[in-house]
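Visitor: I have a structure I would like to understand better, so I am pasting it below and will then ask my questions one at a time.
The values are calculated or read from the model by the stated rules, or taken from the named source; none is laboratory data. If you're wondering where the values come from, they're calculated on a predicted model, not measured in any experiment. Heads up, the Cβs are rebuilt from the backbone with ideal geometry, glycines too, and the neighbour counts pull from every protein chain shown. Just so you know, the surface numbers come from the protein's heavy atoms only, side chains and all, with ligands and any DNA or RNA stripped out. Shrake-Rupley method; radii C 1.70, N 1.55, O 1.52, S 1.80 Å.
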Amino acid sequence: QPCDRIFLVKLGTDPKGIVGAGFATTKPYPKRHWNGENKDALYIDFDFEVLLNPEKEPILTLDILKTGNLSQQNWTPQASVITIRPELVDELEAVWFDFLTTQKIRHNPFVPADNEIQKTYTEGTPNQVTMTKYERNPFARKKCIEHYGLSCVVCGFNFEKTYGQIGKGFIHVHHLRQVANVGTIYKVDPIRDLRPVCPNCHSIIHKRKIALSIDEITDLFKQNINGQNTNH
C-alpha cells in the first residue's frame, strides 16, 4: 500500500543483499511484463531514500542478514515480494541504519551529526504522487515516540487504551517544522522537531495552509472541550 516501508534485495549474482530502501507510493498495478512476454505483471512505484550501486559501493550483504534474529527471515525467496516478519522490523531498521552510517556511501541520507550519539535524522525531498509526499525516517519516529509516548500531545488520545491490542503502537508523528516548505534535505531532531498526535488532531493542524502550532491547536481543543466555544 502507499507509504509502506520497502527494502530492495539484489539476488542472482554476487554481491547479494539489500541495495535500496524507501516507501511505496502506489498500490500494485498491472503493466506489460518486464521480460517482454505478452502478459501483465504487477508493479508499484517506489520512492527511494537510498539506492546503492553494488559495483561501486558496499551493500548490506546476505552474510549480515543471516546473523542474529534476522536469520529467521528468508532472504532468498522465489517470490518477487515478501513481508518482513513484524518482530524483526526494528532490528532490520537498526542494522540498516548502522550499515549506512558506518560505510562509505555516496549519497547517504543518514549522515551522523558527530561520532557519538546520533541526535539528528535526515528527511528527504518531495516527490509528486497524488499529493506531495516526504520520506519519513522510521528512526526519527521511533526516537520521538520513545521520548513522548504514544498518546496525542494535544488531546491525550491513546489508541491502545481505547481499542486494545489492535491499537498498540499506532500514532501519527507531526513535524513542527513544515517539511513541505523546506524544499531540500534537512536534519530532524526527533525530540525538538517531532510530536506524537492522533490523526484527528493531525488533520486539524493541517486544515489551513500555514499549519497550526501545537499550542494553538491545544488551546482550541481546551476551549471547545470545556464548552467555552458555543459556536455551532
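Visitor: Keeping all protein chains in position, work out how much accessible area Tyr43 exposes to a 1.4 Å probe, and write it in Å² to the nearest 10.
Guide: That residue has around 60 Å² of solvent-accessible surface.
Visitor: Using modelled backbone amide H atoms (1.01 Å from N, in-plane), which distant-in-sequence or interchain residues come within less than 5 Å of Leu8's amide H?
Guide: Here Val19, Gly20, Ala21 satisfy the definition.
Visitor: How about Lys161: which aspartates and glutamates have a C-alpha closer than 20 Å to its C-alpha, ignoring those fewer than 8 places off in the same chain?
Guide: Straight-distance partners of Lys161: Glu146.
Visitor: With θ taken as phi - 60° and the coefficients 6.51, -1.76 and 1.60, list the Karplus ³J(HN,Hα) couplings across the range 10-27 in order, rounded to whole Hz; mark glycine and proline as x.
Guide: Result, ordered by residue: 8, 10, x, 8, 6, x, 10, x, 6, 10, x, 8, x, 9, 5, 10, 9, 6 Hz.
Visitor: Right, next: Cross-link list Lys142/Lys168; Lys10/Lys66; Lys27/Lys209: which exceed 19 angstrom alpha carbon to alpha carbon? Display every interim value, and only then the final one.
Guide: Values: Lys142/Lys168 14 Å; Lys10/Lys66 15 Å; Lys27/Lys209 28 Å.
Pairs exceeding 19 Å: Lys27/Lys209.
Visitor: What residues have an amide H closer than 5 Å to that of Tyr43, excluding those fewer than 5 places away on the same chain, when H is modeled at 1.01 Å from N in the peptide plane?
Guide: Answer set, sorted by chain and number: Tyr29, Lys31.
Visitor: For the range 15-45, which trypsin sites (Lys or Arg not before Pro) pass both filters: DSSP loop (anything but H, G, I, E, B) and at most 16 other C-beta atoms within 10 Å?
Guide: Answer in residue order: Lys39.
Visitor: Could you tell me which GluC sites (Glu not before Pro) in the range 4-111 are loop residues by DSSP with no more than 10 other beta carbons within 10 angstrom of their beta carbon? It would help to have the intermediate numbers written out before the result.
Guide: On the way: sites: Glu37, Glu49, Glu55, Glu87, Glu91, Glu93; in loops: Glu37, Glu55.
Answer by residue number: Glu37, Glu55.
Visitor: At q = 0.21 Å⁻¹, what log₁₀ I(q)/I(0) does the range 1-89 have when each alpha carbon counts as one equal point scatterer in the Debye sum?
Guide: The computed values of log10 I(q)/I(0) come out as -1.21.
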